[in-house]
Amino acid sequence: MAKHKSIMYALVLGSSLCLNLLYVARDRWDWDQSWVSEAAEEAEAVASISCSGHGRAYPDGLIVEGLPVCECNDCYRGPDCSEFVPDCVVDADSGDPMFLEPFWMKHAASSTIVVPAWHRMSYEFNDGSLISEELKNQILKLHDIIRNANTSGRHIIFGAGATQLLNAAVYALSHDDDPSEARVVASAPYYPVYKEQTELFDSEDFEFSGDTSSWKNDYDPLHSYIELVTSPNNPDGKLRKAVLQGQSVHFIHDLAYYWPHFTAIPAPADENLVLFTLSKLTGHAGSRFGWALVKDEAVYQRMLTYMSLSTYGVPRETQLRVLKLLKVVIEEGEGREIFEFGFQIMSKRWEDIHRIISMSKRFSLQDIGPQFCSFNQGVREASPAFAWLKCEKEEDMDCYNVLKASKIIGREGVMFGAESRFVRLSLVKSQDDFNLLLQRIEKMVRQESNIILEENNEAPTSRNGSCAVNVDHFVGS
Ligand SMILES: Cc1ncc(COP(=O)(O)O)c(C=O)c1O
């Protein structure tokens with residue numbers, strides 16, 4: 001009987017073991033069924049939808065008959081974006097850095113990531129932190145290559161773009177021992193978000209107090225100041241230094257554009273609190289990622305408090321993506337390829353718009369010349385992210401509407417704390433957007449030359465000496 005029982009036990013145990021093995025084997029087999037290739041096929045199928053080079057289909061876009069539809073660039077329409085809309089309005093308002101998209105299309109294989117559903121589901125990394133150590137290391141490495149910021153002895157904080165870090169920094173600098181309300185100032189023309197964001201938060205601890213220059217001679221030592229220094233500046237691309245001096249002045253250096261695409265890098269930034277953003281480095285504005293390098297431990301701790309209570313860190317999916325992108329930036333062409341690519345596009349765009357505007361008496365552009373760049377080890381041409389256009393004629397006070405009448409939408413100068421004679425035109429959008437902008441500007445300048453010729457009773461036939469611009473290269477280049 002006992003022998004019979006042990007045979008039974010052995011049989012049950014044996015079959016249970018077999019079943020487990022079968023399940024494990026089936027799981028393993030499922031696992032090996034390359035779940036990645038299914039996802040990859042899906043991604044590649046969407047990427048291969050043709051939008052005639054004037055749009056793009058995305059897996060999270062609108063689905064029609066089971067397939068994502070093309071999202072067309074401005075002034076293009078139709079199911080495959082092949083129809084050009086000749087009289088459309090050209091939007092040069094936003095600083096959407098789509099000019100780098102071709103770089104990432106070229107590096108599709110090395111820059112694509114796979115995010116499994118169980119990727120870092122936890123609130124924290126294993127060490128309890130909210131930031132990837134490896135990503136932090138890559139950022140520091142990149143600054144060492146480009147030599148645009150001194151990173152030694154700095155703390156690093158990640159944020160949902162520089163936009164979130166700006167407020168974290170204002171919060172941290174205004175919550176020191178000083179009980180007075182901090183005056184937040186910036187030199188006009190300044191990035192409009194500084195004013196808009198400070199006013200939105202409507203804090204008892206800080207208040208937007210306008211143009212820095214108005215406080216330079218009216219500095220009140222009983223007040224604390226937070227000066228926002230943008231270098232190169234948005235909108236005019238000029239490299240800037242702090243203006244205010246004094247014990248109760250704190251600085252936030254917004255270095256969003258301090259990369260070789262947009263400016264010469266004369267020397268590494270060495271300030272106490274500097275901000276950078278992925279948006280203007282790789283063009284991935286939608287990933288919402290930025291970082292701050294902070295010298296002072298107490299300021300760093302207050303920024304950490306802000307970050308942890310507002311969002312509890314940057315999504316881990318974003319950090320994974322940024323890590324991959326930065327690895328490509330660092331590895332391709334020994335850390336030079338994306339910057340050479342970016343500089344080539346931006347300097348060509350500046351040269352094109354500058355050439356046309358220089359033929360005009362009605363409009364002018366900011367003056368930024370060649371400069372020594374430590375990254376290039378030589379003098380290089382200007383390549384700003386924006387054209388800061390001025391309407392020169394007495395009657396063209398409202399420059400925004402002057403351009404709007406010619407179907408160009410820019411950003412009004414008054415938003416930057418400047419006169420309404422100024423308008424910012426974005427040069428960082430897609431090639432389609434830039435080509436259209438250039439064509440419209442060329443048309444305006446040509447009309448202006450014709451008017452001058454007519455006023456002088458000359459036949460408006462020859463374009464020589466006026467605006468003889470070859471428009472062939474505008475289309476599809
Ligand atoms: C000067 C400046 N700072 C900060 C930002 C915000 O960048 P982010 O996209 O990282 O929020 C921008 C965006 O255009 C900017 O121009």
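The values are calculated or read from the model by the stated rules, or taken from the named source; none is laboratory data. Here the structure is a predicted model, which is why all the values come from computation and not from measurement. Cβ: placed from backbone, ideal geometry, glycine included. Neighbour counts: every protein chain shown.
In this structure, S248 qualifies as modelled with pLDDT under 95, farther than 27 Å from Q431 by Cα and of a type in the set (S, T, Y). When you look at P384, is it more than 18 Å from Q447 (Cα to Cα), within 16 Å of the ligand (Cβ to nearest atom) and either touching a residue at least 24 places away in the same chain (Cβ under 8 Å) or not basic (K, R) (or both), yes or no? For P384, the condition - more than 18 Å from Q447 (Cα to Cα), within 16 Å of the ligand (Cβ to nearest atom) and either touching a residue at least 24 places away in the same chain (Cβ under 8 Å) or not basic (K, R) (or both) - is met.
Residues of region 157-179 that are within 11 Å of the ligand (Cβ to nearest atom) and in contact with a Lys or Arg (Cβ under 6 Å, 6 or more places away or on another chain): A160, G161. Might you let me know whether region 30-40 holds any residue that is modelled with pLDDT of 95 or more, closer than 28 Å to P315 by Cα and surrounded by 10 or more Cβ atoms within 10 Å (Cβ to Cβ)? No, that holds for no residue. Within region 246-276, restricting attention to residues that are among the polar types (S, T, N, Q) and more than 21 Å from A385 (Cβ to Cβ), the residue that is nearest to the ligand (Cβ to nearest atom) is N272.
Do the conditions hold for V243, that is, is it over 24 Å from Q366 (Cα atoms) and more than 11 Å from the ligand (Cβ to nearest atom)? In short, no.
When L142 is tested against the conditions (1) within 27 Å of L304 (Cβ to Cβ); (2) among the hydrophobic types (A, V, I, L, M, F, W, C); (3) part of a helix (DSSP H, G or I); (4) within 15 Å of the ligand (Cβ to nearest atom), the lone failure is (4). The single condition among (1) within 16 Å of the ligand (Cβ to nearest atom); (2) assigned to a helix (DSSP H, G or I); (3) not aliphatic (A, V, I, L, M) that W104 does not meet is (1). Check region 331-340 and report whether any residue there is under 17 Å from the mean Cα position of the chain (by Cα) and crowded, with 23+ Cβ neighbours inside 10 Å. Yes. Screening P235, P221 for residues that are crowded, with 20+ Cβ neighbours inside 10 Å and in a loop (DSSP other than H, G, I, E, B) leaves exactly one candidate, P235. Consider region 239-292 and keep the residues that are charged (D, E, K, R) and outside any loop (DSSP other than H, G, I, E, B). The one that is farthest from A186 (Cα to Cα) is K280. When each of S374, S358 is tested for being over 20 Å from the mean Cα position of the chain (by Cα) and without any contact (Cβ under 8 Å) to a residue 40 or more places away in the chain, the lone residue that passes is S358.
Among the residues of region 364-377, is any within 19 Å of D91 (Cβ to Cβ), at pLDDT 95 or above, crowded, with 16+ Cβ neighbours inside 10 Å and not hydroxyl-bearing (S, T, Y)? Checked against the condition, which is being within 19 Å of D91 (Cβ to Cβ), at pLDDT 95 or above, crowded, with 16+ Cβ neighbours inside 10 Å and not hydroxyl-bearing (S, T, Y), region 364-377 yields no hits at all. Are any residues in region 162-203 in a loop (DSSP other than H, G, I, E, B) and within 14 Å of Y300 (Cα to Cα), and if so, which ones? Those that are in a loop (DSSP other than H, G, I, E, B) and within 14 Å of Y300 (Cα to Cα): H175, D176.
Looking across region 189-203, the residues that are of a type outside the set (D, E, K, R) and under 21 Å from the mean Cα position of the chain (by Cα) come down to P189, Y190, Y191, P192, V193, Y194, Q197, T198. F201 meets the conditions (1) of a type in the set (F, W, Y); (2) surrounded by fewer than 17 Cβ atoms within 10 Å (Cβ to Cβ); (3) away from the ligand (no atom under 16 Å from the Cβ) in every case but one. The failed one is (3).
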